[in-house]
Amino acid sequence: MSEPAGVRRAGYLRSREYGFSPGQVTAVHAGRGLVPAAAGCLGGVILGNVLAGPLLASAAYFFGIGVLGVPAWVDADVVVAICGLTGIAALVPAMRAARLSAVAALRAE
């Protein structure tokens with residue numbers, strides 16, 4: 001979403017029509033960034049585990065050790081870290097949109 005469209009959207013949310021509070025505007029804008037990030041992160045973890053299987057199996061065979069795999073805690077840490085970083089990155093513009101008055105946001109072009 002472009003910057004003027006995002007500012008206008010914040011104005012609509014703050015206007016009398018919807019009546020969102022600044023905290024609700026922040027949550028909406030931050031959520032718009034977190035939802036696709038979480039979906040992409042989960043898809044990446046699943047695809048990464050599927051693609052890492054043959055590579056780790058050949059490495060285990062080459063070195064003559066048991067079975068290698070990606071531990072579950074690594075997958076969980078990756079999801080938490082990526083979603084946390086995305087949340088922090090989305091929070092700054094979301095807080096800026098929440099501070100903007102409805103009139104100024106609707107006037108922005």
Problem set entry | Subset of segment 53-88 [surrounded by 14 or more Cβ atoms within 10 Å (Cβ to Cβ) and among the aliphatic types (A, V, I, L, M)] | L56, A60, L68, V70, V78, V79, I82
Exercise. Do you know which of the residues in segment 94-109 that are assigned to a loop (DSSP other than H, G, I, E, B) and farther than 22 Å from G33 by Cβ is modelled with the lowest pLDDT?
Worked result: E109
For this session: Could you tell me which numbered condition V50 fails, if it satisfies all but one of (1) assigned to a helix (DSSP H, G or I); (2) surrounded by 10 or more Cβ atoms within 10 Å (Cβ to Cβ); (3) modelled with pLDDT of 75 or more?
Result: (2)
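The values are calculated or read from the model by the stated rules, or taken from the named source; none is laboratory data. Predicted model, so just to flag it, every value in this text is computed and none were measured. In this analysis, Cβ positions are derived from the backbone assuming ideal geometry, glycine residues included, and neighbour counts consider all displayed protein chains.
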